[in-house]
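Below is one structure, written out as structure tokens; comments come after it.
The values are calculated or read from the model by the stated rules, or taken from the named source; none is laboratory data. Nothing here was measured: the structure is a model prediction, and the numbers come from that model. Here Cβ is always computed from backbone atoms with ideal geometry, including for glycine, and neighbour counts include all displayed protein chains. Note: areas computed on protein heavy atoms with side chains; ligands, DNA, RNA excluded. Shrake-Rupley method; radii C 1.70, N 1.55, O 1.52, S 1.80 Å.
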Amino acid sequence: MSRSETDDRGFQRVIKHIADEVDFEPGYYNDAYLGRRITARMRRCKAEDYDSYLTVLRRDDEERDLLLDSLTVNVTNFFRNPEMWEALRPVLRDLTADRRRVTAWSAPCADGREPYSMAMLAKDDPEIVARKLSILGTDIDREALAAARRGEYETTRTTDIGGELDPLTDAAAYVRQEGDHFRVRDAVKRMVEFERHDLIRDGSKSGFGLVMCRNLLIYIDTEYKQAIFDTITDSIRPGGYLVIGMTESLPPASREVFTPVDKRRRIYCKE
Ligand SMILES: C[S@@+](CC[C@H](N)C(=O)[O-])C[C@H]1O[C@@H](n2cnc3c(N)ncnc32)[C@H](O)[C@@H]1O
């Protein structure tokens, strides 16, 4: 058996162990992504191959939790890709100029910085009618949702929360800062609700004027991407908008349903 075949079998054994023992569904994600996350943990444990890593995983509960942490990438920012948020201003102005209330869905929302960015932008831009907007943030990860509900963030060596809030003219109106600690103010929190939702298993919602589904599809196995798009598409009302991540693309079947509003910033309108 060649080295790569041995590796591949070892990899599949680790994946099976994750499916059986870890609170994570590896089948949703592509192998390249899973491989990168597992190899990163193997390096930390100094395991030389998949089978030695499996031995560590079997006997060490702490490593199982660390692997789970590494597999659920919660990386996010306030105003991630600021140029997309600039391009979103006219969309939100347009949506909230309507007589109806507008609901927006941030899925997945990780620790809440994406839906809070939308709420803050709506309050900060004088032409967006913030009181007409309510936002739902969902994620599969309960810990991320607990952090989102707390709405407290910390500037660290790798995260500059003050810098992330730069697109706002008056950030202090929406977050209270004490040193490196930032707390989202209640008036912003009231615009956002959070709930757990699995974009692959839990089916669609309805009537959203805007859905943001950014930076999840890149990790997902091709087989499940369409399920996510079906969920999202059915959740948007006709004339509503979809935003995906700047490095993501619509699958061919969805190109008939969505017209690009700003192709580079990945903003689309549903027919
Ligand atoms: C990289 S974050 C993206 C957050 C935000 N949209 C952004 O662009 O900054 C990816 C999130 O997807 C969540 N996730 C992974 N699989 C999911 C699924 N099947 N359904 C819903 N959320 C999922 C993870 O828990 C993680 O918080």
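In region 79-100, which residues are in a loop (DSSP other than H, G, I, E, B) and not acidic (D, E)?
Selection gives F79, R80, N81, A97, R99, R100.
Please go through region 111-148 and pick out each residue that is part of a loop (DSSP other than H, G, I, E, B), within 16 Å of the ligand (Cβ to nearest atom) and open to solvent by less than 10 Å² (accessible area, probe 1.4 Å). Please lay out each step first, then the result.
Taking region 111-148 first, the residues part of a loop (DSSP other than H, G, I, E, B) are 111-112, 125-129, 140-141.
If we keep only those that are within 16 Å of the ligand (Cβ to nearest atom) too, we end up with 111-112, 140-141.
Selection gives G112 alone.
Quick one: how many residues across region 201-231 are open to solvent by less than 30 Å² (accessible area, probe 1.4 Å), of a type in the set (V, I, T) and either within 9 Å of the ligand (Cβ to nearest atom) or not in a strand (DSSP E or B) (or both)?
3
Among the residues of region 43-62, is any within 25 Å of the chain's Cα centre (by Cα) and at negative phi?
no
Please work out if R43 is more than 16 Å from the ligand (Cβ to nearest atom), closer than 30 Å to R214 by Cβ and open to solvent by 20 Å² or more (accessible area, probe 1.4 Å). Before you say what the answer is, go through the steps one by one.
Details: more than 16 Å from the ligand (Cβ to nearest atom): yes; closer than 30 Å to R214 by Cβ: yes; open to solvent by 20 Å² or more (accessible area, probe 1.4 Å): yes.
So R43 passes the test.
Could you identify the single residue in L92, L88, L66 that is surrounded by fewer than 23 Cβ atoms within 10 Å (Cβ to Cβ) and either assigned by TED's automatic domain parsing to the domain that holds D234 or of a type in the set (A, V, I, L, M) (or both)?
Just one listed residue meets the conditions, L66.
For A172, all conditions in the list (1) more than 15 Å from the ligand (Cβ to nearest atom); (2) surrounded by fewer than 19 Cβ atoms within 10 Å (Cβ to Cβ); (3) within 30 Å of F24 (Cα to Cα); (4) of a type outside the set (F, W, Y) hold save one; what is the number of the exception?
Unmet condition: (3).
Checking T76 against (1) within 14 Å of the ligand (Cβ to nearest atom); (2) in a loop (DSSP other than H, G, I, E, B); (3) assigned by TED's automatic domain parsing to the domain that holds I161, only one condition comes out false. Which one?
The single condition T76 does not satisfy is (3).
Return the residues of region 39-73 that are in contact (Cβ under 8 Å) with a residue 12 or more places away in the chain and outside any helix (DSSP H, G or I); say none if nothing qualifies.
Result: D49, T72, V73.
Scan region 183-200 for residues that are part of a loop (DSSP other than H, G, I, E, B) and touching a helix residue (DSSP H, G or I) at 6+ places or on another chain (Cβ under 8 Å) and report the count. If you could, list the steps in order and put the result at the bottom.
Residues of region 183-200 that are part of a loop (DSSP other than H, G, I, E, B), as a first pass: 185, 190-191, 197-200.
Next, from what is left, pick out any that are touching a helix residue (DSSP H, G or I) at 6+ places or on another chain (Cβ under 8 Å): 185, 191, 199-200.
Qualifying residue count, region 183-200: 4.
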